[in-house]
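Written below as structure tokens is the structure these notes are about.
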Amino acid sequence: MPSVLVADVGQEIGRRFAQDYAARGWTVFAAGPGGPFDALPNVVSVSYDPMAEGGADRLARQLAGTALDVLIVVGGAHGTPPPPDDTSPAVWQSAMITNALAPLELISRLKANVMAGGQKKIVAVSRCSASMALPGEPGDYISRASRAAMHQLLRCIAAEWNEPGCSWIPICPAETPDVDASVQAMRQVIASAVPREAMSLLSHDGRELPW
Amino acid sequence: MSTVLITGGNRGIGLELARQYSAEGWTVLATARQPEQAEALATLGAQVSIVPLEASDGASIQALAANLRGVPIDVLIANAGISGDLKAAAQAVSRDDFLNVMAVNVIGPLLLARALKPNVLLGQRRVVAAMSSLMSSISANDWGTQYAYRASKTALNAIWRTLAREWGADGLCCVLLRPGLVATDMTGGAGQPVQASVAGMRQVIEGLSLKDRGRLIGFDGQDVPW
Ligand SMILES: NC(=O)c1ccc[n+]([C@@H]2O[C@H](COP(=O)([O-])OP(=O)(O)OC[C@H]3O[C@@H](n4cnc5c(N)ncnc54)[C@H](OP(=O)(O)O)[C@@H]3O)[C@@H](O)[C@H]2O)c1
């Protein structure tokens, strides 16, 4: 059975991805800061705190030698979300780390695992409102900026790896309360993804969105 | 007479902006981290005022705004910026460098624009510009590198797009500028002469109207793709 690592399962979308893949029999590495995540027998919990410096290195050590078919990185800070226009240092630094830099750290540390997998798919869950061409939410500076930064980082690391066999999939969940439906749609997009020369931002149902 | 505020006015593109605007008779408010050491700015004449600003520090930005309370600003140019570690590969991007670049290139401009919005509303032209870059373009990024710098300019674009949308109703034109590759300290002297880039950007600014808000416009008048 294929394997997937989902980080961070402390985020609702991450948790649903982990559950969904596990229910389909995949070996799931569920990474997050919130203690064991072992709802199903084929789920392996691995500890990972995106905010902690060196968190990605520790996770990579736990997974040394493990092939990953799919790597799914879900950003997002923990706790009650701040008001959208809060620009205090604690808020913007946490957003820039959890949404942009920590995904880069994790992907870069897990290259050997992804390259050892059969599918070589790298998925970064973003948000439609980070698309520059679409209207953003009023007052949404930091979250939007951090996700747009992540898109750019993903482009950079894809160029650095220059691995034609990899599929890079920045994808935006549906703007709906039905998280399960959104996750299932995204899982189908991931399943049918093939390596492409240029990476595109995708909607939950696989439509290309402008950067 | 019109007034322009330029951050990072003591050298590079900011200094040339100050030089050209003052030569055209504008009143120039040019910021420097260490005003007493801004010797080139000091030679530009009486219509150039040097004001202190550490662009990454909210308290410094608030102090600047308090200093300038009631002063109309026609054109605000958030120019100060740093490159950070341009050579780091993905695994070597450090948190300190990444956050420092974000503080100067992204959060500073946002805080500055918000703090000086009342001044720009008192001005006639109502332009709020930020110095972006071709490196901000995601679709044009085919060769990677420059992780923190590229991500910071993309993030800046995202913020300016939000500001442009929100502040358009107040008659403010928030735009992003691309200077091109310019021979300054940042590029180690590689690129076109700073005079040409700045002349081009001034022409772009001169021609702006509210319908241009949210655009990323090059010194050559061309839009940069997102
Ligand atoms: N040169 C290019 O080819 C190019 C291309 C695209 C975009 N840009 C952008 O254009 C802008 C100006 O670049 P440049 O080439 O003129 O760079 P530069 O020659 O290195 O000058 C940078 C300026 O920003 C100031 N600055 C840096 N950090 C600051 C801080 N924390 N607080 C306050 N001021 C600070 C510097 O002041 P100090 O002297 O105190 O350090 C200096 O005045 C930057 O935003 C850059 O990203 C440049």
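The values are calculated or read from the model by the stated rules, or taken from the named source; none is laboratory data. In this text, all values refer to a predicted model and were calculated from it rather than measured experimentally. With ideal geometry, Cβ positions are generated from the backbone for all residues, glycine too; neighbour counts draw on all protein chains shown. The protein model used for the area step is the full one, side chains on, heavy atoms only, and it has no ligands, DNA or RNA in it. Shrake-Rupley method; radii C 1.70, N 1.55, O 1.52, S 1.80 Å.
Here are the numbers for the structure shown:
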quantity: Options B:Ala38, B:Ala151, B:Gln124, ranked by Cα towards positive dipole end of the stretch B:3-218, top entry (Cβ charges); calculated: B:Gln124
quantity: Whole-percent carbon and sulfur share, accessible surface of the stretch B:1-123, 1.4 Å; calculated: 50
quantity: Whole-Å distance, taken between Cα centres, linking the stretch A:1-23 and the stretch A:161-200; calculated: 14
quantity: Those residues of the stretch B:25-61 whose amide nitrogen sits under 17 Å from the label point placed on B:Gln124, 7 Å along Cα→Cβ; calculated: B:25-29
quantity: Directionally averaged projected area (convex hull, Cα atoms, the stretch B:17-71), nm²; calculated: 4.0
quantity: Stretchable slack from B:Glu36 to B:Lys87, in nm (0.36 nm times residue separation minus alpha-carbon distance); calculated: 15.1 nm
quantity: Once the Cα gyration tensor of chain A is diagonalised, semi-axes √(5λ) in Å; calculated: 24, 20, 17
quantity: Whole-number Å³ per residue for the convex hull built on Cα positions in the protein assembly as shown; calculated: 133
quantity: Surface share of carbon and sulfur [accessible, 1.4 angstrom probe, percent] for chain A; calculated: 53
quantity: Inter-chain shielding of A:88-95 (mean C-beta neighbours from other protein chains, 10 Å cut-off); calculated: 3
quantity: Estimated buried accessible area (total), pair B and A, 1.4 Å, Å² to nearest 100; calculated: 3400
quantity: Neighbouring partner chain Cβ atoms per residue of A:121-133, average, 10 Å criterion; calculated: 2
quantity: Cross-link reach list, lysines versus A:Lys111, counting only Cα pairs under 27 Å and skipping chain neighbours closer than eight places; calculated: A:Lys120, A:Lys121, B:Lys87, B:Lys153
quantity: Solvent exposure, largest accessible area first (probe 1.4 Å, DNA, RNA and ligands not counted), of B:Arg150, B:Arg126, B:Arg69, A:Arg61; calculated: B:Arg69, A:Arg61, B:Arg126, B:Arg150
quantity: Calculated FRET efficiency for the pair A:Asp180/A:Met1, C-beta based, R₀ 22 Å, to 0.05; calculated: 0.55
quantity: Relative contact order [Cα under 8 Å, 6+ residues apart], chain B, whole percent; calculated: 18
quantity: Rel. contact order, % - alpha carbon contacts under 8 angstrom, at least six apart, the stretch A:3-209; calculated: 18
quantity: Order by protection proxy (mean Cβ within 10 Å, highest first), peptides B:95-101, A:138-144, A:203-209; calculated: A:138-144, B:95-101, A:203-209
quantity: 13 Å beta-carbon shell around A:Asp49, net charge (K/R +1, D/E -1); calculated: -3
